Every structure is written in structure tokens, then in C-alpha cells.
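Everything below concerns the one structure shown next.
Rule-based calculations on the coordinates, nothing more; no lab input. Just so it is clear, the structure is predicted and the values come from calculations on it, not from any experiment. Here the Cβ is made from the backbone with ideal geometry for all residues, glycine too, and neighbour counts use every protein chain on show.
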2 protein chains.
Amino acid sequence: MREVAVIGVGMTKWGELWEKSFRQIFVEAALNAIDDAGVDRVDSMYVGTMSSGIFVGQEHVGALLADYLGLAPIPATRVESACASGGAAVRQGFIEVASGTSEIVLVGGVEKMTDLSAGETTYALATAADQEYEVYHGITFPGLYALIARAHMEQFGTTREQMASVAVKNHFHGHMNPNAQYPFEVTKEAVLNSSKVADPLTLLDCSPITDGSAAIILCPVELAKKISKKPIVKIIGTAQATDTIALHSRKDLTWLKSTADAAEKAYKMAEKTPKDIQVAEIHDCFTIAEICVTEALGFFERGEGGKAAEEGRTTLCRGGTPVNTSGGLKSKGHPIGATGVAQVVEITQQLRGEAGERQETGARVGLTQNMGGTGASTVVHILETD
Amino acid sequence: MREVAVIGVGMTKWGELWEKSFRQIFVEAALNAIDDAGVDRVDSMYVGTMSSGIFVGQEHVGALLADYLGLAPIPATRVESACASGGAAVRQGFIEVASGTSEIVLVGGVEKMTDLSAGETTYALATAADQEYEVYHGITFPGLYALIARAHMEQFGTTREQMASVAVKNHFHGHMNPNAQYPFEVTKEAVLNSSKVADPLTLLDCSPITDGSAAIILCPVELAKKISKKPIVKIIGTAQATDTIALHSRKDLTWLKSTADAAEKAYKMAEKTPKDIQVAEIHDCFTIAEICVTEALGFFERGEGGKAAEEGRTTLCRGGTPVNTSGGLKSKGHPIGATGVAQVVEITQQLRGEAGERQETGARVGLTQNMGGTGASTVVHILETD
């Protein structure tokens, strides 16, 4: 297999984009990535989208978006793995380039979520859980993650303050990200006193509903060296894993096994350990998720994730491993299918030294972790620059 | 890239399966394929599904189905390209094996369509067209294909009788397929006199609404030679292409450019010409579609597809190139995401000499063509046995 580089990245401003359509926001992000890469053609395309059928009445999005980008007749395929759709699309793009099937591959992610009512949006999101055995009984994602939070508090003594510190940290990072949906800081008190969503989680423990898109351009490292004027960022590890779809089928509610499994394989492929990771974008759909993910990735011992966040060990430029320098899902927003692609955008910018105010000095190895549902699927990528 | 073989195939009986759930029919087909392959493990999985979100309120189907097959923690990814979702999933499976990423890959397709009302089902299917510029104005697929049919009649003198002969032929083939939804023969008069759906198309010009699943197991040819006791069926060509999503954007309504583009690449990769194809499964969502596809694949000159069908040149054991020996979408049924995978099941059985009453004697090279919408996406595969 060939070595694969990220040679272009693009985003749109995320938020409630009522004046723009699904196809428009995708095209905007994709053109930004193509411009950034400086390529004059694209050979193949993957799109990560979770539920465009329910959100905007549109399936067949690979063909639609290739058409509106002016890229037909190239192959264009939509990939879905709930909230990990973007990460899964990146992985398919990686395999396509690594295998020699295509030279220059566009991977985009997009979701347009705000065209529906709150109730309809909650229904659409719940399709990532087990419809017949979880959703049917009335539970949705805030409730499922609240169960995980309660179990983590019970097992490890994790506190509400520790969870709140994840939100505070991600808004601190996100307030320096011009593309973030909520680019402002919040206090611990604001998180703790915001309205209750599903006990113990409050509104500011939850990632928002977002319209947005992100895109990257992949090509073989050999080609990247010829055409790119920017530092070469390689994808040196990729892995994907599954777990039970229903939370109630797990032996331990607080252990994200699919993340641990994918991370183990990705570390092995990249010949890295958790200690080598200098910057990471991970799936903080709820504050408790970030805590569990940092443990499953091996950044911290089990039960230590909350304490580590509270101590600033995941904050930028504090000597630890900064997590979610983009603001994460919490502050940057979470347009489902776009999230996993945007994680690669942020890490690429960090490794290139292009992250502006959010730059982690000297970062050369980064990781992305994108997760579907309550962890029924996870995709992990490890990136490196020379 | 490594050579790839199909070592296992599985189906369910297709039809209105009200007593079975989405996950059940997938598991049934997948277990049949695993049994047929005789493998004791699966390393990775792809699922083709068009609109499970709308049809059964379930996205995240890769993880769901891996879980219910007992295959977690393997990577499992859902692939969507409207009615070409199954073909697109086969292509991702091919690339995964060819690249050396995985050894034994399960590719399944599934759709559960009959849980919705007719109106809701029509809405779900219309998400394969351009929601904003076609569907919004009230047209759905029978109307779009009726436009293609009228244009074909106008340009080439194609007759209603010729279209009807496609339905007659596919039901003749399908009446020998125990898994078909409508395994019975129909007369030309029955087709012509069935109720009008969208002029000139009548009910028996249209493929039905179907619940069903199909699955195949892929592995490297070298491994297949060691573990399989059946004739080795190789995938020697794969290609995918796109065209404008909206029919009104095309220069010529009757020319399926994405099919012609994908076929050209697949023939080149396989080092075959249309004349080498001895049996083909193609996308007859409407009778006129089969006529246009046989022209775009180069089986017949432009405008000759209707005449060729009427003359029996696409009928089993008549010395031509039999098309849709399974009964096609028309008689076997069309559970959207399953269709492209089931095409590979049929061709594999034909090349193995396992097609029973439907066997085309001595077939060694076969082709599948799976198409999304009115041809905005197409996936073509060419298979061969020694």
C-alpha cells in the first residue's frame, strides 16, 4: 500500500445556516479544500453524511454533490456510520489512495440539521441508536449519555465540576476558532447552572445542532511532495471498530470498547503510543464522552479522565496533550457527517503550524477519534508531519 | 493490487416480509453467504442501504448489523448511492480486499420498504432524485422514466410492445427463481393492459416495492484457491461513474452516460468487450431502463435495445446475451440496497453452474450494472471463472 498525505483542507463557517442549502455548504467546503491543495483535478470522492434523507429529503448525495461540484463523471460514494460518518469517509478515501485505485481523492462531510423542528431533529439523531430496543422505549442520546455519566460518577467518583471543565476548556479553545458555531467562552458556573437536559447533564454539557461541512484532499505522499508547497501531513494510522449498538448490551457502560479497539490498531499501524500524541480531536458529543474517550485512547488511566481535564492536562499549551483545540463538537458545533472530516482539518492545520491562536507549539503527531452513537462505531486516524 | 474472488453468496426469499425485521433479513442473507463460503471468520463488512433512515428509522446500520451478526468489533460501513448502493458496497469491498487492508470481507445489501404507506414509500424513493429541482416540482421516478421512454420512442421508434417484451422476458426468467418476489410469467397483453402509472408506462413496466437482502463474501484469489471447493469466480473489472442528478440537465434523455462511462472503464480493466459478456444482470427498474442500459453497455447499437429484447436476443439460451436471468428488478423484486449485491449473487451462481433451471450453458464471463436514480450513478462489475 502507498503512503497517503492530506494535501488540502477546507471548512465553512458552522452554525445555523438558514440562508444556505445542503449542497451549497458542501460545495463551499470542497472548493476551499481544492484551493488549499492547489490541485486541478479530483479522481474520486467520498461524502460522510448521517441522515440527509431525514434532514433534507435527499439521499444519493455522492452523485448530487459531484454534480454540483462539476466533478461528474468521477465515482462518488456516500458513507454512513452515524456520528462517525465523516471518519469512515476519510478511511475509505485513505484506502482508495493507498490501494492505487485513485490518485487524488476528495473526502467531504456535510449535514444540514436546522431545517427540521427540534422534535424531528431528535428523531433523526436517535436513528443512530437501536431503533427497536432503545429508541422505541423512549430514550434518546442525552439520556443514553446521562446513563454513562451516572455510571462514571458512581464507579470513579467523577464530579459534575470535572465534566463542566471539559465544556469550559473546549469553549476556551473554540473562542479562538473563527469557524466555530459558538466561539465564546463559558464559565464552570454557567455550565453547572444551565438548564437540565438529562440528569446529570445540562445544556452546556451537550454539543449543539449544526449546519456545516468540511473537506480534505488526499493523494499519495510521492505526489504530494511534487505538487504541495505546504508541510506534508501523512496519515500513518487508520482503524475502525464496532461494539454493540445498544448501550444496555455492554458489560461496562463507561468503557468505550470500539474506541479502545480502533486506537490499539491505529497505534500499531502508526508505530506510536498514546504518549506520542501531541494534539487530538476527539468525539465530545457530551462532556462525559470526552472523558471516557481520553481514557479509552490511553491518554489517561481509567477513571482519571475527569480529573485530567479539570487539571488542564487537555488544555492548549499547558504541557499535556491538548484535546479538541478546534473547540470540539461542543463549541465548534456538530454537523454530524462533517465532524470526522473537520477533525482531520484541524489536526492537519496544527501539524502544518497553521492553527493561528490555537496553535500547539511544535505539534508533529496528532490523532482523530470519531464515534457513532454511544460508541457502536469508532474511527481513529493518526497523522504525522516530518 | 491483489486479485479478488467471490467465494460465498447468500439471499433471502424476497417479497413483502412483514413478519421479519430489517436486521433479521440481513442476518439471514449474510449467514447464507458465510455458510456458502465456508469461512470461519469475517474481517470487515460493507452494507448497501439506500434509505433505512426513512424506511425503518434506523441509520448506523453497519454497526447494528455487525452486532446482530455477532461480528463486532470488525469495521462495518454503510455505503449509499441510491438504487446503486449495493453495487457501490461491492466496489468498496473489492477495493478493501484488493488493497490488502482485509482478507475476508462480507458485503451485504438490505432494504425493508413495506413498513411505510405507499405515499411515504414514494417520498423515500424520490430522495434519489434532485429534491430541490425535480421532486419539489412534483415528479417522482415513474414520471422521470416515462419521460425517458417517450424520448426513446420519439428518437428511435421504440414501441410499447418492445418495452412490454422486457417485462415478459424477465418474468419468464424470474418464474424459475425461487427467491423472486413475483415468480410467475406475464403475457405481453397483460403488461400493455395493466393500469397506467405514468404514460406510457403501465404497472407491469415497473419494478415492485420489496423487502429483501443479499450478501457475498470476498477474499483474495490466492486464499480462495486454498479454502473454496467451488469454481473460483473472480471480479476482474470494477468501475463507478456519475452523471447529473437531475434528468433535465442532460443533453440526451435516452443516453445513460454514467453507465457508458463505468462500462468503458470496467471493460478496459477486465480486458473484455461487450461481445465477451455471456450473461448480465442489469438495472431494469422500469422496462425502458433495461432497453437504455443494454445500449449504454454496448450490447446493442443505440436505438436497437427495444428491438433486441423483442427478438429474444436477451432471453436465456437463445444464443444471445441473456439479461436478468434472475428475473431482474422486475420479477425478482427491488429492495433498493440489496439489488446490486443480488446481481453479483446471480452472476456468481451462473458462472459456477449453480443457477438451476435458469442456467445459461457454459457462461464464464458475466457483468453486473447497478444504477442510482435516473442514472446519476452507476457501478459496473465484470466477473469471470476459469
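Taking only the Cα atoms of the range B:36-90, how large is their convex hull per residue, in Å³?
92
Any chance you could get the radius of gyration and Dmax over the Cα atoms of the range A:1-108, in Å?
13.4, 43
Using the Kirkwood radius over Cα pairs, work out the Stokes-Einstein diffusion coefficient for the range A:177-228 at 10 °C and 1.306 mPa s, in µm²/s as a whole number.
Roughly 107 µm²/s, to the nearest whole number.
How would you order A:226-235, B:374-383, A:363-372 from highest to lowest mean count of nearby Cβ atoms within 10 Å?
B:374-383, A:363-372, A:226-235
Averaged across orientations, what area in nm² does the convex hull of the alpha carbons in the range A:173-273 project?
One quarter of the hull surface, i.e. the mean projection, equals 10.5 nm².
Please work out the ratio of the alpha-carbon Rg of the range B:94-151 to 2.2 N^0.38 Å and round it to two decimals.
Normalised by 2.2 N^0.38 Å, the Cα Rg of the range B:94-151 equals 1.72.
Could you tell me the center-to-center distance, by alpha carbons, between the range B:205-229 and the range A:165-205 in angstrom?
48
Step through the residues of the range B:355-371 one at a time and calculate ³J(HN,Hα) from phi using the Karplus curve (6.51 cos²θ - 1.76 cosθ + 1.60, θ = phi - 60°), rounding each to whole Hz and writing x for Gly and Pro.
Rounded to whole hertz, the list is 8, x, 4, 8, 5, 8, 4, x, 5, 10, 10, x, 9, 10, 9, 10, 10.
FRET efficiency for residue B:115 and residue A:226, Cβ-Cβ distance as r, R0 = 41 Å, nearest 0.05?
In this case the efficiency is close to 0.20.
Could you grab the relative contact order for the range A:177-335? Cα pairs under 8 Å, six or more apart, rounded to a whole percent.
32
Sort shortest first the distances from residue A:184 to its counterpart in every other copy, using label points 7 Å along the Cα-to-beta-carbon line, and give them in nm.
Going from nearest to farthest copy, the values are 6.7 nm.
With both bridge residues required to lie in chain B, what share of the DSSP beta bridges run antiparallel, to the nearest 5%?
Beta bridges within chain B, antiparallel portion: roughly 75 percent.
Over the range A:297-342, how many percent of alpha carbon pairs lie in each 10 Å bin up to the one with the longest distance?
25, 44, 30, 1
Viscosity 0.890 mPa s, temperature 25 °C: Stokes-Einstein D of chain A from its Kirkwood Cα radius, in µm² per second?
122
Against the longest alpha carbon principal axis of chain B, how many degrees, from 0 to 90 and to the nearest 10, is the axis of helix B:22-37 turned?
Result, in degrees: 60.
Taking amide H positions as placed in the peptide plane 1.01 Å from N, state which residues far from residue B:377 in sequence (5 or more) or on other chains have amide H under 5 Å from it.
Under 5 Å from the amide H of residue B:377: B:243, B:372.
Could you work out the percent of alpha carbon pairs in the range A:322-386 separated by over 17 Å, rounded to a whole number?
39
Roughly speaking, what is the centre-to-centre gap between the range B:321-386 and the range A:106-154 when only Cα atoms are used, to the nearest Å?
38
Going by amide H atoms built from the backbone, whose H comes under 5 Å of the H on residue A:232, apart from near neighbours?
Sorted by chain and number, the residues that satisfy this are A:386.
For helix B:141-156, what angle does its Cα long axis make with the longest principal axis of chain B, in degrees from 0 to 90 and rounded to 10?
It is inclined by approximately 60 degrees.
Only Cα pairs under 8 Å and at least 6 apart count here; give the relative contact order of the range A:207-294 as a rounded whole percent.
This gives 28 percent for the range A:207-294.
So how compact is the protein assembly as shown: Cα radius of gyration and Dmax in angstrom?
25.3, 80
Based on the Cα coordinates of the range A:96-190, what is the per residue volume of their convex hull in Å³?
It is 226 Å³ per residue.
If you take the beta carbon distance between residue B:364 and residue B:252 as r and set R0 to 41 Å, what does 1/(1 + (r/R0)^6) give as a FRET efficiency, to the nearest 0.05?
0.75
Nm distances between the label at residue A:274 and the same-position labels in the remaining copies, 7 Å along Cα→Cβ, shortest first?
Copy-to-copy label distances at residue A:274, shortest first: 6.0 nm.
Using θ = phi - 60° and the Karplus form 6.51 cos²θ - 1.76 cosθ + 1.60, what ³J(HN,Hα) does each residue of the range A:182-190 get, whole Hz, x for Gly and Pro?
With the stated coefficients, the range A:182-190 comes to 10, x, 9, 7, 10, 9, 4, 5, 4 Hz.
Note the angle between two axes, namely the Cα long axis of helix A:287-296 and the longest principal axis of the Cα atoms of chain A, as a number of degrees from 0 to 90, rounded to the nearest 10.
That works out to roughly 70 degrees.
When only Cα pairs under 8 Å and 6 or more residues apart are kept, what is the percent relative contact order across chain B?
Worked out over chain B, it gives 26 percent.
For the range A:67-106, what percent of Cα pairs sit more than 14 Å apart?
52
With point charges of +1 on the Cβ of Lys and Arg and -1 on the Cβ of Asp and Glu, referenced to the Cα centre of the protein assembly as shown, which listed residue (B:235, A:109, B:336) lies farthest in the positive direction of the dipole?
Projecting each Cα onto the dipole axis, the largest value belongs to B:235.
Which FRET efficiency value, to the nearest 0.05, is calculated for residue B:2 and residue A:195 with the Förster distance at 45 angstrom and r the Cβ-Cβ distance?
About 0.20, to the nearest 0.05.
Cα convex hull of the range A:241-370: mean projected area in nm², to one decimal?
If I average the Cα hull's projected area over directions, I get 7.8 nm².
With respect to the axis carrying A onto B, what is the closest chain A residue by Cβ position, and how many angstrom separate it from the axis?
Closest Cβ to the A-to-B rotation axis, residue and whole-Å distance: A:99, 2.
Roughly how big is the range B:194-271's charge dipole about its Cα centre, with Cβ charges of +1 (Lys, Arg) and -1 (Asp, Glu), in debye to the nearest 20?
480
Given label points at 7 Å from Cα along Cα→Cβ, what nm distances, shortest first, separate residue B:319 from the same residue in every other copy?
Residue B:319 label point versus its equivalents elsewhere: 8.8 nm.
Enumerate the calculated ³J(HN,Hα) couplings along the range B:242-256 in order (Karplus 6.51 cos²θ - 1.76 cosθ + 1.60, θ = phi - 60°), each rounded to whole Hz, writing x wherever the residue is Gly or Pro.
Once rounded to whole Hz, the list reads 10, 9, 4, 6, 8, 4, 5, 8, 8, 5, 9, 5, 9, 9, 7.
Show the residues, 5+ positions off or on another chain, whose built amide H is closer than 5 Å to the amide H of residue B:4.
B:221, B:235
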